[in-house]
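Let me begin by presenting the structure, written as structure tokens, before commenting on it.
The values are calculated or read from the model by the stated rules, or taken from the named source; none is laboratory data. All values derive from a computational prediction rather than experimental measurement. Positions of Cβ are generated from backbone atoms using ideal geometry, with glycine treated the same way; all protein chains shown enter the neighbour counts. Each accessible area value is taken on the protein alone, full model and side chains, heavy atoms only, with ligands, DNA and RNA left out. Shrake-Rupley method; radii C 1.70, N 1.55, O 1.52, S 1.80 Å.
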Amino acid sequence: MADANAAYYARGDFARDFVTAPELTPVFGELLGAWARVVWGMLGAPADVTLVEAGPGRGTLMANALRAFPQARGRVHFIERSPALRAAQQLRVPEALWHDELATVPAGPMILLANEFLDALPVRQFVRRGAGWAERFVEDGVYVEQAADIELPDAPEGAVREVNEPAQAFVRQLAARGGVGLFIDYGAATGAPGESVQAIRDGAFADPLAAPGEADITAHVDFAALTAAVPTQGPVKLNAFLTGLGLFQRTDQLAQRHPDQAFALKAAAQRLTAPEAMGRLHKVLAVCPAEMPTLPGFGT
Ligand code: SAH
């Protein structure tokens with residue numbers, strides 16, 4: 001499935017299939033930029049900071065974030081492998097520097113933003129078989145199983161467990177560098193996900209095994225596994241986080257200045273916070289050094 005998703009993002013037009021928070025309203029990126037600016041201040045406002053975004057999509061989030069964090073202009077690094085999306089990002093943030101992975105971003109103080117990035121990384125699926133586990137693969141469009149040597153908590157026969165090794169490796173690498181990262185993604189705050197791999201095509205759920213590379217394949221993020229791996233704050237629900245950062249006040253300000261867009265701006269703020277839309281399943285997790293004081297949006 002990993003290759004299928006790389007092929008999917010290589011097409012560069014994911015927005016046809018699903019809408020993400022930064023594409024819904026400019027306020028989302030602005031609030032994240034304001035968050036990053038405050039965190040930068042907490043770090044002592046280092047001049048050599050890097051503002052990194054993992055999986056920047058069309059570059060919309062960063063373009064809006066920089067308006068609220070102008071000190072980071074010229075210090076932007078994007079982690080993106082899709083050439084088509086790199087081209088889209090360059091239109092919005094021409095000054096950015098691109099990387100295939102976190103490892104090549106220059107050393108120094110780092111603030112990293114990532115919206116719907118971890119869920120796009122490939123998961124391994126395991127099925128409980130007898131006293132052990134079998135790994136489930138896709139071969140020629142069908143599932144096959146192969147006995148696996150992996151330690152997972154006991155589960156009933158046939159139960160499916162997903163392990164996102166690249167996501168865990170990513171947060172470990174960020175923590176090892178002493179960076180501060182903000183991850184917005186969907187998944188339960190506690191408990192391991194069962195089977196959550198899903199495909200979205202043209203705005204509707206699709207069969208993950210059909211037409212590889214033409215649908216976006218994602219899995220719920222296992223936040224419990226991430227908080228067990230590295231020092232974190234949260235996860236908190238997206239609606240609490242955004243409301244605390246002033247989503248509605250900023251939306252009203254913009255709406256007053258641009259009356260023609262008022263309806264769309266307010267509808268977007270509702271969609272980001274409504275429990276049945278993105279407000280509840282979407283979570284925000286910060287990865288940061290254990291000694292960091294409470295970050296904006298993570299207080300009670
Ligand atoms: N953050 C954007 C896009 C989300 S889609 C938004 O919210 O609109 C997922 C993004 O992650 C895409 O930009 C995709 O190309 C990128 N991506 C997926 N797997 C990746 C990987 N292994 N390395 C780097 N980027 C990856």
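Would you say residue 132 is over 30 Å from residue 292 (Cβ atoms) and exposed (fewer than 11 other Cβ atoms within 10 Å of the Cβ)?
Working: over 30 Å from residue 292 (Cβ atoms): yes; exposed (fewer than 11 other Cβ atoms within 10 Å of the Cβ): no.
Here the answer is no, as residue 132 does not meet what is asked.
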Return the residues of the stretch 272-300 that are more than 30 Å from residue 42 (Cβ to Cβ) and open to solvent by 50 Å² or more (accessible area, probe 1.4 Å); say none if nothing qualifies. 275, 276
Taking the stretch 190-230 and the residues there that are outside any strand (DSSP E or B) and surrounded by fewer than 14 Cβ atoms within 10 Å (Cβ to Cβ), the one that is farthest from the chain's Cα centre (by Cα) would be 210
Report yes if some residue within the stretch 71-85 is of a type in the set (Asp, Glu), modelled with pLDDT of 95 or more and under 30 Å from residue 263 (Cα atoms); otherwise report no. no
If residue 88 passes every condition in (1) under 28 Å from residue 249 (Cα atoms); (2) within 12 Å of the ligand (Cβ to nearest atom) but one, which one does it miss? (1)
Odd one out for residue 135, checked against (1) free of Cβ contacts under 8 Å to residues at least 24 places away in the same chain; (2) under 25 Å from residue 18 (Cα atoms); (3) in contact with a Phe, Trp or Tyr (Cβ under 6 Å, 6 or more places away or on another chain); (4) not aliphatic (A, V, I, L, M): (2)
For the stretch 242-250, state whether one or more residues are surrounded by 16 or more Cβ atoms within 10 Å (Cβ to Cβ) and under 28 Å from residue 9 (Cα atoms). yes
Residue list for the stretch 149-196, filter: among the aromatic types (Phe, Trp, Tyr) and either modelled with pLDDT of 90 or more or under 17 Å from residue 53 (Cα atoms) (or both): 170, 183
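Scanning the stretch 36-58 for residues that are of a type in the set (D, E, K, R) and within 16 Å of the ligand (Cβ to nearest atom), which turns out most open to solvent (accessible area, probe 1.4 Å)? Let's see the steps before the verdict.
To start, the set of residues in the stretch 36-58 that are of a type in the set (D, E, K, R) comprises 37, 48, 53, 58.
Next cut, within 16 Å of the ligand (Cβ to nearest atom) only: 53, 58.
Numbers: 53: 3, 58: 85 Å².
Checking each candidate, the answer is 58.
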Could you give every pair whose Cβ atoms fall below 8 Å, whose first residue belongs to the stretch 99-128 and is farther than 18 Å from residue 8 by Cβ and of a type in the set (Phe, Trp, Tyr), and whose second residue is open to solvent by 40 Å² or more (accessible area, probe 1.4 Å) and more than 15 Å from the ligand (Cβ to nearest atom), counting only separations of at least 6 or pairs across chains? 126/136; 126/150; 126/152; 126/161
If the requirement is being in a loop (DSSP other than H, G, I, E, B), more than 30 Å from residue 28 (Cβ to Cβ) and touching a strand residue (DSSP E or B) at 6+ places or on another chain (Cβ under 7 Å), which of these qualifies: 157, 145, 135? 157
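Under 19 Å from the mean Cα position of the chain (by Cα) and over 16 Å from residue 116 (Cβ atoms): which single residue out of 67, 86, 81 fits that description?
Numbers: 67 fails: under 19 Å from the mean Cα position of the chain (by Cα); 81 fails: over 16 Å from residue 116 (Cβ atoms).
Result: 86 is the single residue among 67, 86, 81 that is under 19 Å from the mean Cα position of the chain (by Cα) and over 16 Å from residue 116 (Cβ atoms).
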Would you check if there is a residue in the stretch 91-106 being hydroxyl-bearing (Ser, Thr, Tyr), at pLDDT 95 or above, within 23 Å of the chain's Cα centre (by Cα) and open to solvent by less than 80 Å² (accessible area, probe 1.4 Å)? no
Determine if the stretch 159-171 includes at least one residue that is away from the ligand (no atom under 16 Å from the Cβ) and more than 20 Å from residue 196 (Cα to Cα). no
